[in-house]
Each structure stands twice: as structure tokens, then as C-alpha cells.
Amino acid sequence: MTTVYDVTTWSVPGNPSATPYNDIGLIINSIIADIKSQQTSQSSKPGAVVYIPPGDYSLKTRVNVDISYLTIRGSGHGFTSLSIRYNAGNTSSWHEINPGGSRVRVENTDGNSEAFRVYRTGDPRLSAVVFENFCLDGVSFGSNQNSYVNGKTGILFDSANDSCRVEGMGMVYLERGLVVRDADALSVSGNFLAENGTCVKLIGSGQASKVTDNLIGAGYVGFSIFAEGHYGLLVSGNNVFPRGKSMVHFKNVTRSSISANRLHGYYPGMVNFEGVCTENLIGANHFFRETEKFGPLMQYNNGLDELFGLVHLEGGNNTVTGNHFSFDVPSASVTPTGATPTIILVASGNNNYIAANNTVSATAVKTVVLDSATTGTKVLDSGSQAQFEPYQSSYSFRATP
Amino acid sequence: MTTVYDVTTWSVPGNPSATPYNDIGLIINSIIADIKSQQTSQSSKPGAVVYIPPGDYSLKTRVNVDISYLTIRGSGHGFTSLSIRYNAGNTSSWHEINPGGSRVRVENTDGNSEAFRVYRTGDPRLSAVVFENFCLDGVSFGSNQNSYVNGKTGILFDSANDSCRVEGMGMVYLERGLVVRDADALSVSGNFLAENGTCVKLIGSGQASKVTDNLIGAGYVGFSIFAEGHYGLLVSGNNVFPRGKSMVHFKNVTRSSISANRLHGYYPGMVNFEGVCTENLIGANHFFRETEKFGPLMQYNNGLDELFGLVHLEGGNNTVTGNHFSFDVPSASVTPTGATPTIILVASGNNNYIAANNTVSATAVKTVVLDSATTGTKVLDSGSQAQFEPYQSSYSFRATP
Amino acid sequence: MTTVYDVTTWSVPGNPSATPYNDIGLIINSIIADIKSQQTSQSSKPGAVVYIPPGDYSLKTRVNVDISYLTIRGSGHGFTSLSIRYNAGNTSSWHEINPGGSRVRVENTDGNSEAFRVYRTGDPRLSAVVFENFCLDGVSFGSNQNSYVNGKTGILFDSANDSCRVEGMGMVYLERGLVVRDADALSVSGNFLAENGTCVKLIGSGQASKVTDNLIGAGYVGFSIFAEGHYGLLVSGNNVFPRGKSMVHFKNVTRSSISANRLHGYYPGMVNFEGVCTENLIGANHFFRETEKFGPLMQYNNGLDELFGLVHLEGGNNTVTGNHFSFDVPSASVTPTGATPTIILVASGNNNYIAANNTVSATAVKTVVLDSATTGTKVLDSGSQAQFEPYQSSYSFRATP
């Protein structure tokens, strides 16, 4: 019994014409069926590794992963910028025009939007499913290559899961790269996810997961890193670059941490806490906010204005310490016109703690603004008196000397 | 001469009945013997890679690694929660009940407690031994599956070593996962070590090592991450979850760093500095302390009371900055009864520096307590006057405004 | 068509005597030629993986990588300390004396100094070239094994590149390990680079790159981590040990981040900002400065004196927060004789922000010195009044209480 499969040497029983070049989805589903037929003992189902050598593969049929311990692994995330290519005009003299490595073109013809769906009912939750070091390429955003919209999803974990890994992957030109529902102890590390509408979206609920050491850059329509209903999430050591509606978006997330990242964005709301986000740490991050400079995308933004806050906090008891903010937005680009931009907006919640942050800006900014619904915010050494704007009287403030 | 071995295709000379399914220890020891017989030139001993495909293997004989440059590699850490399973009652309808991936069941019948021992006398120290991406499964804790005690150790590095790696491994239900003596420039990264009595234990001495980017959760009887006699250790980017007597325990450790981690625990002493721990940094970490909620384990704890400190510092000149502490322990659960819990206890030592830390608690706490043996502690912006309790007069204090 | 190559099984057309043991450069260049001959369609050039099994290989001919999506991968970084060996005297009783793993001895006889050069003209830039998990061994520094000089370079990226990776590599006894020109979204992670003159050198320009989770230690003649003309670089989670002229050297670098590292050095200028370095963050790092203790290397240093600053800042608007500095240099070792050593020197630039840093030293130091060319520096809670030395009157200062 083998547990090491190669998509290029597998024959689908009863379908000799199936190849991974025509439809790698058929192939991998057939391999999974084989694994299930081989591993029938409840006490011994070690799973397998499915290897995707470097090559150009088409995926027309969604892969349905419903076994634990399956590793799908390639040799190369194969990223190249499709955004540059599609905006470059004549590329006939180019060496190559497409991503490479172990490249799976997401071209579903089966009515599904996902290349891979990880889903199982019953007990236990799926465990230790791994996606590693291959490329999921959405190929095109259609008539408007700058739209970030094509309905395609790279990987959807659609039922509760434990100790899964998405590592070393490349994803490009997907409307949604990775979507994970109800994650426990998930690792999203070492990936290259760029030019997707949304890159990482953790939905439902989750705990004790990490998004670490990635290079991530989403489109203006979606999220770089989004999490909802999580607690104990660690977002650390990532380099998140434009565009992305936000760099890190938390919705009803508690007791989580955003630390030691480099975050670069073109719009307000680079870190956006929505709903009831409490007891989170934003520490030791570098923020750089500027405006879009790439012509074809200058018409787009995320719809937020400069009063929303580069960091927008809803919920209480969060800690914001030791961050650097570089804000480089010309006054003429500010909306509402004439407004003084906000770096940290405490939009709601009690007892947030903001200390030892430094803001660099050539134009006047409010480093911390407290909306009227907030109470008990503590603001220390994070700007001058003139840079502080409390719309309510319950707070403590110590100006940076 | 091959340097790439597969445990499933190796035949033990003179022992044709040996298989990796019966005793992978015999197989790997035989492979190591082969490597040594092939590589006899002092100037050329490149080592080899031993591959463990996904599968269920039993280890009855300890593997003795006494050569440098050996990589033992699988395809999948294969973690699943045995704690949930063993506490679940009837699991007859479950899809699977055991860990998977490249799963090695630690079932020594040779009188040894370790699955792998890395040990050599003479010069030089063993270098660049690598354990990567397989599963060490202790199988059972015996009559009490919640005891975290079975005498089993996954990997023991037992002599001084340099530039070794333990990466991408899974370990579960071992009394001790990884134990490393006298490490230099060790890398413990990207692992999933959970439901072991102790997960990572660095003993003897050590320098310039790192424990980074791991998911780790030990039992109530042992350590998540323990280090003694080290200096220059970096513990960063880990998500450490319960239980664990502590999340990070330093004993006589100096000039080391605990930064950008997410730490979650059920007992006092989440970070525990024992003995003479000096000049260490605890920076930009998220701490979440609550009480055990899982019924079968609610009877257990680590024996410490709430006056011990969520962070307990022995030794001087340590720095604690930019951390968030969430403390969610109901008054009724506090021991000693009626006590005001301590977040940071400076138990001994001079000139510790504690600044810009935020504590969130629904109940009254002392954010910093100075024991009488301490002098010169500096406490800045880390709580109110009422939250500060100095049992001695040599200190500086500035309350959070 | 294969896309998986093994250097030990490849035959060079027309050159049957070529082997990877004699010249792995010839082999890999021949493989690359084969890939190019197989992949001629502009729309489908997925590249390939070249596998280097554990073994001892000589490289006499430079490998020229001029295709995207090439992964060159081994099984083992194979580091061992050549510095210890060459300074050990009689090693005839040693088990082994050389590095191992997938070990490539850099022994160019082709007039080039690099083992690997990645270079291509035309569009697009080379993308997703990967070096992974093998050893580049410079073998010797010649007549003075402590010179760190032999003219050898491990890998040179010599034209603009995107989304490339150097991960899990080992490099030793090279004058220059990794040199990358004009990097975009480069990942240098999980490597073991030690005993090279220079370990990582990012030249020209660059953006959105990361140097994370490495073990790095350069020679006294060169750089541990050097970057020029970059912005948006993330240096995080590294353990950088001696020697190295500096641990992190930025030249005209902006809006970058050095966070959550452990940095250990023997000379002043551990972090050295040269030229116009602006809006960078140095946060949550542990610094340990001592003097050389290893006899054979005690005669060497980087030529800087203790007034240069353990951290030397040129340029403005940088943020230095939440760092720990351990300074352990006996007064008798200080140059200029009798000088009071400087921890942070603000040598030029406006509006640098220095807050919540702690310095531990048995001897008197100036924790922050402001040169006369600086203005508007803010220094908070980073030392006493006596430890602060402003050579100019434009600043704010708040002493650590």
C-alpha cells in the first residue's frame, strides 16, 4: 500500500483519459478515494501525501478533502505578478507571462467556486490537513483585470478543523485565497498570497491559531488578513503590503495579538476592529500609510475617509503599544476635504490602553481620537496635546514630552 | 552509494522479518549503521536523509543517532487530539481515533524511555541533526488518560550539539516531547507539540538557540517551554495554549528574550523565572489567564496560588515591556481565599524594569508586587497606585495616569 | 517531460564524464538548459525542482539561473563550525571535520566568485527562484583561517527579482553568503548562515521583503544583515550572534522594521543606520553586547569605538521602543580610553523617538547621546538624567524615574 502519490503518475480507474493537465481535481479526488479504500480501519488511517511536481495543471473539478492527515504538496509557490502583466500593455516579448512552480489553474467547470474544499461531518473534526508549497492561480479577473472579482476561491475549509496547515503556498488572482471556518490551532505560515481580492479569511469562530511569517497583499476589494469570532489568534512576523481594504481586520475577536508585523496600506482602516473586539494587543508593529501610486489602480479605494482612523478600534480593553506609524498622505488627497486625518480612532469601548506609539507625518494629524461612546481610554506618550482629540471627558492623557 | 533512505523499503541485514511497522527503531538503527559503513572518511561524512512516508509505525527499539547531518523526515505531523478522544466516551462512530501522518507510535520494549536519542562522545559535537515533519505518538497515558504520565520521551538530545533542528514535528501523549541537553544554535520551529506532559525542555546549558513559530500546549504536570542554563535564547512568535504548569519557564537563564508570543494558561506562573534569571526581555507578548473549563481536568492545577504571579521573576535586571495581560479568574476561584491576585511578582533581584504593560481584569488585582528581597525595581505605566504593592521601599513607581 | 531533476542521476549531453561530485555547477547548468529546451511556450514555463541529495559535491563552474520558478533543494543545511575546527589544533581524532548534508563546496575554477548567480535581462523580473535546505561551504579562508576573506560568494541575485526565497539554507566560510540586488518581496527565512564574512547583503534597492526566523553570525569583517535602499523590510524573529561588524546595518533604508530579534555582538554599532535612514522601527529586541572571549579572534574588531553607539542612528523620525540592552564591557576594554560608552547615539536627523528602553550595565554608560546635528529627539523612560548626553538643546527628555 502506497501512501505517497504523484498526480502525474496516477490513473483514474475507469477514466483513462483523465490527466492532471486536463483536470487535476479529478485526479486528486480519485487519489483520495483510493486512500479511503485502502485505509478502512478506524484505528489506522494515517492519510497520505499527494505530490504535485512543477507543472501547469488545470483544475476543473473541485477537490473534496474529507479525510484527516492528507498533505497536498508541490515544489514551488510560483508567484509572479499578474497585475503588472495585465497592466503592462504588449507583453509579447516577455520571457513568460504566467505563474509557475506547481501551478494549479483554478478553472472550475463543475459549478463550484472553490478549487479545494475541506469538509466532513461527524466526529472528530478533520485534523492535520496540509496544503504546502504549490500555486493556486485564478488566471484572470475577466474583462477588468483590476477588479479582483472572479468568484474563485483557492481553499475553503468548510467544517470545524484542528491543527491544519497552509504553509509555503502561493495564491494569485483569486477573489478569495484561503477561507477557513471554525479553525482550532491552524497554522498559516510562510505563504506568498498576493493580488487576490481577499488573501486570508478566518470565519465563524476559532482559537489558538497563528498567521505568521507570510508575505500578503490583497486587492482593494477585500481583506489581507480577516478573522471573526476568534480568540487567541497570533498575527505576527508578517509583511503585509497593499492593497487590501485593511491589513488586519478583526470582527468580534478577543484576546488576540498583532505583533511585530510590517503593515503597508493605501487606505484608512489598516487595522480595523469591528464589532466587539476586546483585550487584543497591537504591539511593536510598523505601519506605513500612503496613497496609491500605480496609475491603473488610482481610481480605487476602500470607501473609508481619513476620520476612520489608520487604526480603528471598536470594543474595549485593547492595548496599543510600541508601534510606529508613518503617514504620508498629501493634504490634497484627504477626505473629507480639509479634515485632519486620524491615526488611532477609538470608536467605541472602554478602557483601551494606548502607550509609547510614535507617529511621523509631514501633515497635521490627530494621533488619537476618542469618540463620544468611549470611556476610560488611557493615552500615554503617543502624541502631543494638539494631536489628541477626545470627544468625551472620560480618559487619561499624557502628552509625549 | 545512496544517501536517501526510505524506511518502508529498507531491509535489515540478517533480519529479514524486521519491518518499520513492527519496529521502525530497528530499521532506522540499521540505516544509520549502513550510513556509517558507507561514510568512513573523516573528511566526507555528509550524512543522509531517512524518509518516513505516511503510515502507522511502531517503535519498540530506541533509535540511537550518533552521526552528524542526519535528517529524519516524514510527510505530516499528523496531530489529532487524544485528550478529546479519551474523554469523549463512546467513539465507535468516529471516523478515526488515532493520530496520523508519518506516525511513529512510541512503544519501547527495550527498556529505554526515548524513541530517539541523539548522543555521541568525542569531538566535535554532533551537528545539524534534523527531525522534521513526522509524528511521535505516545499512544496512551495508561489507566488515567488525563495523567500526562507514561514515562515516554519523544526525542532526547543527550550530548552537546550544534545547529540542530526540530521543525514541523508533531508530538502527542508523551510524558516528555523534546528534551535537549547543551544546545548551541538549536532551532525548534514550526512544530505542533500538544497534550504532552512536557513539550520542550532545554536542559544543562545552551546558547544562541531559538524556539519560534510553534503551536505548543503541555499538560498540567509539565512544561510548555522550559530552559535552564541558557543565554541568548529567543522565544518568539509562538502560540502557547493550555495546559502546562507554565508557558515559559526559565531556570538560571540570562540575556534571553520572550517576545511577540501569545500565551494562554490556566494557572499562576505562566512565565516563571526560577533561580538567577537576569537581563531577560519579556516584550510585546499577549497573556491570557483563565481557569480550566474542561470538566475532566478541572480537578488539576499546578499547585501555585494567585500570589505567585502570573509572571514570576526571580533574578534581576530583567525588562518587562509592552505586554498585554488578560486575567479572567473569578474571585471564588482564587487561592488563597480572599487574596488579591498578582500579575507580575518580582520575587527577588535588583533593578528589574517594568514599563508600559496593560492589565485587564474584571476583579481587583495587583499588577506589580515587589517582594521584600528586591531592590531598585522600576515600575512605569503598568497599573494604578492601588494596583501596586511594594513590600520594600527601594523602587521607583509611576502610575498609569 | 520531467520537472523533477536529481543532480546525481543527470547526464550532461556530450559530456559523459561530468558528475556532480566533480562539478555540480556543470550539472545544474545542463539541467537548466534542458528545462529551457523543454519549456519554450511563453504561456507555460512552470520551471522545475533540482534535488541535491545529501552528499559531497564540488562546484567549479558558476550556476547561472536565468529562469523563473526554479527550486534548487537539498536535504540538509549541514552546518558545522569550521572556525572551531581550524582553531582546534590537532583534529585527527575527530569524527568528522567538514560540513555535511547536501554540501556544495564552492571551489570555482571558472574565474567567477559566485557559486550561484541569478540574473536575467528583459521582462519580467525573475520570479519565485528558490534556494532551499542545502549547504554552501567555502571550505577555507586560506592561510589565515580567521580572516573571513576568500573572495567567494554563495548566491548572488544580480538583477531585479520578485517573490524569491532563500530558506533553510546553510552557508559557512564564504566571504559573502547571500547577496541580493533589487529585491521585491524576498523571503530569507529559516536559514543557518554562520562564519561567513558577510551573511545577508541586500543591495541596490528593495521593498516588502523579510529576513525572519534565521540563525545568523557573520565575521568581524562583514555584515550579519545588511540592507541598502530598501523600504518596507521586515527583520524579525532572528537570533543573530557574533561576530559581524554589525547585527543589522541599514544604509539609506526607510520605513522598515527590526522587531523581536535577539542580537548579540562584540563591537559597537550592533545596529547601524548609515546615511539617510528614516521612519524605521527598532522595537522589542534584545541586545547583548560583550567583548570577544575566543582567543584566536581577540585581536580583531570592527574599528569602531564606544562612542559610536551600540545603536547608531543617522537619519530622522526613527522609533526605538521596548528594547533591552545588556552592555557588558569592562572599563579597561573601552576605547577611547576613559570614555563613557554610548548605548544609543543619535548621530543625525530630526525627531527620532526613543521610549521605554532599558539598559543594564555594570559600568557607567550614556544610554542616549544626541549629537549636535540632531533636533527634536524625544527620549522617554530610557535612562536617567545622568545617562543622557545631549550635545544640542532641541530635544525632549523624561528620565526613567
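Confirm whether residue C:296 is open to solvent by 20 Å² or more (accessible area, probe 1.4 Å), in contact (Cβ under 8 Å) with a residue 60 or more places away in the chain and more than 14 Å from chain A (Cβ to nearest Cβ). It would help to see each step written out before you state the result.
Details: open to solvent by 20 Å² or more (accessible area, probe 1.4 Å): yes; in contact (Cβ under 8 Å) with a residue 60 or more places away in the chain: yes; more than 14 Å from chain A (Cβ to nearest Cβ): yes.
Taking the combined requirement at face value, the residue satisfies it.
Identify all residues within the range C:77-101 that are under 23 Å from the mean Cα position of the chain (by Cα) and free of Cβ contacts under 8 Å to residues at least 60 places away in the same chain; write none if there are none.
Those that are under 23 Å from the mean Cα position of the chain (by Cα) and free of Cβ contacts under 8 Å to residues at least 60 places away in the same chain: C:84, C:85, C:98, C:100.
What single numbered condition from (1) in contact with a Lys or Arg (Cβ under 8 Å, 6 or more places away or on another chain); (2) assigned to a loop (DSSP other than H, G, I, E, B); (3) small (Gly, Ala, Ser) fails to hold for residue B:315?
Checking residue B:315 against (1) in contact with a Lys or Arg (Cβ under 8 Å, 6 or more places away or on another chain); (2) assigned to a loop (DSSP other than H, G, I, E, B); (3) small (Gly, Ala, Ser), the one that fails is (1).
Here's a check for you: in the range C:1-10, which residue that is assigned to a loop (DSSP other than H, G, I, E, B) and not hydrophobic (A, V, I, L, M, F, W, C) is surrounded by the most Cβ atoms within 10 Å (Cβ to Cβ)?
So in the range C:1-10, the residues assigned to a loop (DSSP other than H, G, I, E, B) come out as C:1-3, C:7-10.
Checking which are not hydrophobic (A, V, I, L, M, F, W, C) leaves us with C:2-3, C:8-9.
Details: C:2: 14, C:3: 24, C:8: 19, C:9: 10.
Filtering first and then ranking leaves C:3.
Check whether at least one residue in the range B:204-214 is within 9 Å of the chain's Cα centre (by Cα) and crowded, with 24+ Cβ neighbours inside 10 Å, and report yes or no. Show your work before the answer.
Step one: list which residues in the range B:204-214 are within 9 Å of the chain's Cα centre (by Cα), which gives B:211.
Right, trim to crowded, with 24+ Cβ neighbours inside 10 Å and you get B:211.
Looking for residues that are within 9 Å of the chain's Cα centre (by Cα) and crowded, with 24+ Cβ neighbours inside 10 Å, one finds at least one in the range B:204-214, hence yes.
I'm checking my understanding of the structure. Among residues of the range C:94-126 that are among the acidic types (Asp, Glu) and more than 10 Å from chain B (Cβ to nearest Cβ), which one is most open to solvent (accessible area, probe 1.4 Å)?
C:123
Taking the range B:221-243 as the search range and keeping residues that are assigned to a strand (DSSP E or B) and among the polar types (S, T, N, Q), which one is surrounded by the fewest Cβ atoms within 10 Å (Cβ to Cβ)?
B:239
List pairs: first in the range C:228-239 and more than 7 Å from every other protein chain (Cβ to nearest Cβ) and over 20 Å from residue C:182 (Cα atoms), second open to solvent by 10 Å² or more (accessible area, probe 1.4 Å) and outside any strand (DSSP E or B), Cβ under 8 Å, 6+ apart or cross-chain?
Pairs that qualify, where the first residue is more than 7 Å from every other protein chain (Cβ to nearest Cβ) and over 20 Å from residue C:182 (Cα atoms) and the partner is open to solvent by 10 Å² or more (accessible area, probe 1.4 Å) and outside any strand (DSSP E or B), are C:238/C:213.
Okay, residues lined up against (1) touching a residue at least 24 places away in the same chain (Cβ under 8 Å); (2) hydrophobic (A, V, I, L, M, F, W, C); (3) farther than 20 Å from residue B:194 by Cα:
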residue: B:121; (1), (2), (3): yes, no, yes
residue: B:126; (1), (2), (3): yes, yes, yes
residue: B:131; (1), (2), (3): yes, yes, no
residue: B:139; (1), (2), (3): yes, yes, no
residue: B:144; (1), (2), (3): no, no, no
residue: B:149; (1), (2), (3): yes, yes, no
residue: B:156; (1), (2), (3): yes, yes, no
residue: B:163; (1), (2), (3): yes, no, yes
residue: B:166; (1), (2), (3): yes, yes, no
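Across the range B:146-167, what is the number of residues that are on the phi > 0 side of the Ramachandran plot and surrounded by fewer than 24 Cβ atoms within 10 Å (Cβ to Cβ)?
Of the range B:146-167, the ones on the phi > 0 side of the Ramachandran plot are B:148, B:151, B:163.
In the following step, the residues that additionally are surrounded by fewer than 24 Cβ atoms within 10 Å (Cβ to Cβ) were identified as B:151.
Count: 1.
Condition (residue is assigned to a loop (DSSP other than H, G, I, E, B), crowded, with 24+ Cβ neighbours inside 10 Å, modelled with pLDDT of 95 or more and more than 9 Å from chain A (Cβ to nearest Cβ)) applied to the range C:187-194: is it met by at least one residue?
yes
Within the range B:11-37, restricting attention to residues that are open to solvent by less than 10 Å² (accessible area, probe 1.4 Å) and either part of a strand (DSSP E or B) or within 14 Å of chain A (Cβ to nearest Cβ) (or both), which residue is nearest to residue C:80 (Cα to Cα)?
B:24
Given the residues C:243, C:289, C:255, C:262, which is the only one that is more than 14 Å from chain A (Cβ to nearest Cβ), of a type in the set (Lys, Arg) and touching a Ser or Thr at 6+ places or on another chain (Cβ under 8 Å)?
Result: C:289 is the single residue among C:243, C:289, C:255, C:262 that is more than 14 Å from chain A (Cβ to nearest Cβ), of a type in the set (Lys, Arg) and touching a Ser or Thr at 6+ places or on another chain (Cβ under 8 Å).
Would you confirm whether any residue within the range B:326-340 is part of a loop (DSSP other than H, G, I, E, B), hydrophobic (A, V, I, L, M, F, W, C), under 19 Å from residue A:376 (Cα atoms) and within 14 Å of chain A (Cβ to nearest Cβ)?
no
Here is a list: B:40, B:91. Which entry is open to solvent by 10 Å² or more (accessible area, probe 1.4 Å) and either within 30 Å of residue A:121 (Cβ to Cβ) or modelled with pLDDT under 95 (or both)? Reasoning before the result, please.
Details: B:40 fails: either within 30 Å of residue A:121 (Cβ to Cβ) or modelled with pLDDT under 95 (or both).
On inspection, the qualifying residue turns out to be B:91.
Of the residues C:235, C:221, which is under 24 Å from residue B:166 (Cα atoms) and not hydroxyl-bearing (Ser, Thr, Tyr)?
The unique qualifying residue is C:235.
Hey, which of the strands (runs of 3 or more DSSP E) in the range A:349-401, taking only ones fully inside, have at least 1 residues that are surrounded by fewer than 24 Cβ atoms within 10 Å (Cβ to Cβ)?
Those strands (runs of 3 or more DSSP E) span A:358-361, A:366-370, A:377-380, A:388-390, A:395-398.
Within the range C:169-186, which residues are farther than 20 Å from residue C:260 by Cβ, open to solvent by less than 10 Å² (accessible area, probe 1.4 Å) and outside any strand (DSSP E or B)?
C:169, C:173, C:174, C:185
Could you please find all residues in the range B:127-145 being assigned to a loop (DSSP other than H, G, I, E, B) and open to solvent by 20 Å² or more (accessible area, probe 1.4 Å)?
Once the filter is applied, which keeps residues that are assigned to a loop (DSSP other than H, G, I, E, B) and open to solvent by 20 Å² or more (accessible area, probe 1.4 Å), the range B:127-145 yields B:133, B:139, B:140, B:142, B:143, B:144, B:145.
May I ask you to verify whether residue C:318 is surrounded by fewer than 23 Cβ atoms within 10 Å (Cβ to Cβ) and within 14 Å of chain A (Cβ to nearest Cβ)? Step through it out loud before you land on a result.
Numbers: surrounded by fewer than 23 Cβ atoms within 10 Å (Cβ to Cβ): no; within 14 Å of chain A (Cβ to nearest Cβ): yes.
The answer is no for residue C:318.
Mind checking which residues of the range B:1-10 are within 14 Å of chain C (Cβ to nearest Cβ) and closer than 18 Å to residue B:102 by Cβ?
Answer for the range B:1-10, where residues must be within 14 Å of chain C (Cβ to nearest Cβ) and closer than 18 Å to residue B:102 by Cβ: B:4, B:5, B:6.
Need a quick list: strands (runs of 3 or more DSSP E) entirely within the range C:244-309 having at least 1 residues that are modelled with pLDDT of 95 or more and over 30 Å from residue C:208 (Cβ atoms).
Qualifying strands (runs of 3 or more DSSP E): C:286-289.
The values are calculated or read from the model by the stated rules, or taken from the named source; none is laboratory data. Worth saying up front: this structure is predicted, and the values here are computed from it rather than measured. Cβ: placed from backbone, ideal geometry, glycine included. Neighbour counts: every protein chain shown. To get the accessible areas, we keep the full protein, side chains included, count just its heavy atoms, and leave off ligands, DNA and RNA. Shrake-Rupley method; radii C 1.70, N 1.55, O 1.52, S 1.80 Å.
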